[in-house]
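> Can you keep this structure in mind? I'll have questions shortly.
The values are calculated or read from the model by the stated rules, or taken from the named source; none is laboratory data. Note that this is a predicted model, so its numbers are computed, not measured. All Cβ positions, glycine included, derive from the backbone under ideal geometry; neighbour counts span all protein chains shown.
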Amino acid sequence: MPPRSKSRSRSTSRSRGARSKSPAKATKKASVTSTKKSKPKVGLGSGKAEYTIILPVYNERENLPIMIHLFSQYLSLTDYHVIIVEDNSPDGTREVAKQLQNSYGADFITVLEREGKLGLGSAYLSALHLVKSPFVILMDADLSHHPKFIPKFVSKMSESGCDVVTGTRYRDGGGVAGWDTRRKVMSKGANFLADFLLSPGVSDLTGSFRLYKTPVLREIFPLIVSKGYVFQMEVMVRIIDAGYKVEEVGISFVDRIYGESKLGAGEVIGYLKGLLNLFLTT
Amino acid sequence: MLRYQRFSAVILPAFSCYCYFILLPLGWHFPRAIANALLNLVGGGWTYYSWRECIRILSPLLVVALLGIYALSDIAYTVITFNDCKDASAEIETQVAEAKKEMKRRKIA
């Protein structure tokens, strides 16, 4: 009996190369576990997150820690990754961002440092180079957008199979806190005009709280030429013209900047010029 | 097709029809006819124009006016029914306080 089994084992090991295989398998397993335990890549995250949130900040020293805290309350720290794009704020936002990264881990937060206020579009584009996940979320860092809506975006996308989910203040239970009638009229007036001229099929064109599939972003964002409010409109119009499917989820927009009138005549004229440009070129 | 092209494809033929069928028969006196039609609306003018003639001559202005009425009423309706999230600002303020405590605990400025 023993000689037969010996010969059998010899023939099988020769034909299958089992002996040569198993040591290699063993070392492969060992190297994977040692990477997991000892070396998370510093500064770029572990690359395992499903969703990346790109957060451009400028002078958000007070609000940024609160945003990160809210993320940790409502989102899973392994499924989400945050890229903070910091434009050399004079109030020390960069320091706070680095402290947050040390506290919550480089697997959760990446800080992308830039030399100055180079604009929202370029902030998104620079961050897009670092994105490895299949989904990207863009939102404001001034606490006007609440992270609790992100899971709603995610479930909307998975149940409808769309390419982009946009937060709307005008439908589906969405709304605004802290706006007087004048501000509401201007917002609705601007939206009516944009809707009439561009007929995008989306109720809130200037909204900036959205969930995108990363390939859509990579294709559309380099094409955008507008600035300010019109930037978000151009993104949505180009996405719809390219044939992607967009769904909406109602969000509450909280305006905490009481009394500050950001809508002067210059802004209105800039908006109209941008809208006209979009009307003529898309 | 670009959006302005889609608009032009509707507006230009319609405006051309207006110019050809309504303004052309009036000859070079058409500005006077338009002014007369406008004045007829407010009960004046130097010749009497019937309702049909007034509408025919002023049809582009009528379209713009109807559009304006639609826009104003839509904006008024949506502003009145604009959802006010009163509890959202209270919620965020309590969460700001919680977050500040957490930041103290983690020793973040």
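> Return yes when A:Tyr74 is aromatic (Phe, Trp, Tyr), crowded, with 17+ Cβ neighbours inside 10 Å and modelled with pLDDT of 90 or more and no when it is not.
On the way: aromatic (Phe, Trp, Tyr): yes; crowded, with 17+ Cβ neighbours inside 10 Å: no; modelled with pLDDT of 90 or more: yes.
In short, no.
> Tell me the helices (runs of 4 or more DSSP H) entirely within region B:6-109 that contain at least 2 residues that are hydrophobic (A, V, I, L, M, F, W, C) and under 30 Å from A:Tyr74 (Cα atoms).
B:86-106
> Could you run through region A:44-74 and say how many residues are more than 14 Å from chain B (Cβ to nearest Cβ) and in a loop (DSSP other than H, G, I, E, B)?
9
> Could you please find all residues in region A:198-217 being at pLDDT 95 or above and more than 24 Å from A:Lys152 (Cβ to Cβ)?
None; the set is empty.
> Surrounded by 12 or more Cβ atoms within 10 Å (Cβ to Cβ) and either within 31 Å of the chain's Cα centre (by Cα) or modelled with pLDDT of 95 or more (or both): is that true of B:Arg6 in this structure?
Working: surrounded by 12 or more Cβ atoms within 10 Å (Cβ to Cβ): no; either within 31 Å of the chain's Cα centre (by Cα) or modelled with pLDDT of 95 or more (or both): yes.
No: the conditions fail for B:Arg6.
> Which members of region A:82-107 meet the condition of being modelled with pLDDT under 90 and hydrophobic (A, V, I, L, M, F, W, C)?
Across region A:82-107, the qualifying residue is only A:Ala106.
> Kindly indicate whether A:Ala97 is more than 14 Å from chain B (Cβ to nearest Cβ), in a helix (DSSP H, G or I) and buried (at least 21 other Cβ atoms within 10 Å of the Cβ).
It is false that A:Ala97 is more than 14 Å from chain B (Cβ to nearest Cβ), in a helix (DSSP H, G or I) and buried (at least 21 other Cβ atoms within 10 Å of the Cβ).
> Of the numbered conditions (1) within 14 Å of the chain's Cα centre (by Cα); (2) surrounded by fewer than 21 Cβ atoms within 10 Å (Cβ to Cβ); (3) under 21 Å from B:Glu98 (Cα atoms), A:Arg61 fails exactly one; give the number of that condition.
(1)
> List pairs: first in region A:94-107 and touching a residue at least 60 places away in the same chain (Cβ under 8 Å), second β-branched (Val, Ile, Thr), Cβ under 6 Å, 6+ apart or cross-chain?
Filtered contacts from region A:94-107: A:Ala106/A:Val42.
Quick grid of which residues meet (1) away from every other protein chain (no Cβ under 13 Å); (2) loosely packed, with under 14 Cβ neighbours inside 10 Å; (3) among the small types (Gly, Ala, Ser); (4) under 30 Å from A:Met186 (Cα atoms):
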| position | (1), (2), (3), (4) |
| --- | --- |
| B:Phe21 | yes, yes, no, no |
| B:Trp28 | yes, yes, no, no |
| B:Ile34 | yes, no, no, no |
| B:Val42 | yes, yes, no, no |
| B:Ile57 | yes, no, no, no |
| B:Leu66 | yes, yes, no, yes |
| B:Ser89 | no, no, yes, yes |
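> So A:Gly266 passes all but one of these: (1) modelled with pLDDT under 90; (2) part of a loop (DSSP other than H, G, I, E, B); (3) not basic (Lys, Arg). Which condition number does it fail?
(2)
> With region A:137-249 as the region, which strands (runs of 3 or more DSSP E) entirely inside it contain at least 1 residues that are crowded, with 17+ Cβ neighbours inside 10 Å and more than 19 Å from the chain's Cα centre (by Cα)?
Details: elements: A:164-168, A:175-177, A:210-213.
Answer list for region A:137-249: A:175-177.
> Right, next: State the number of residues belonging to region A:184-216 that are of a type in the set (Phe, Trp, Tyr) and within 10 Å of chain B (Cβ to nearest Cβ).
2
> In addition: Looking at region A:266-278, can you tell me whether even one residue there is crowded, with 18+ Cβ neighbours inside 10 Å, closer than 29 Å to A:Gly161 by Cα and in contact (Cβ under 8 Å) with a residue 24 or more places away in the chain?
Going residue by residue through region A:266-278, those that are crowded, with 18+ Cβ neighbours inside 10 Å are A:271, A:274-275, A:278.
Retained after the next criterion (residues that are closer than 29 Å to A:Gly161 by Cα): A:278.
Restricting the remaining residues to those that are in contact (Cβ under 8 Å) with a residue 24 or more places away in the chain gives A:278.
Scanning region A:266-278 turns up at least one residue that is crowded, with 18+ Cβ neighbours inside 10 Å, closer than 29 Å to A:Gly161 by Cα and in contact (Cβ under 8 Å) with a residue 24 or more places away in the chain.
> Taking only region B:91-106 into account, find how many residues are over 22 Å from A:Gly174 (Cα atoms) and either β-branched (Val, Ile, Thr) or at the interface with chain A (Cβ under 8 Å from one of its Cβ atoms) (or both).
Residues flagged as over 22 Å from A:Gly174 (Cα atoms) and either β-branched (Val, Ile, Thr) or at the interface with chain A (Cβ under 8 Å from one of its Cβ atoms) (or both) within region B:91-106 amount to 6.
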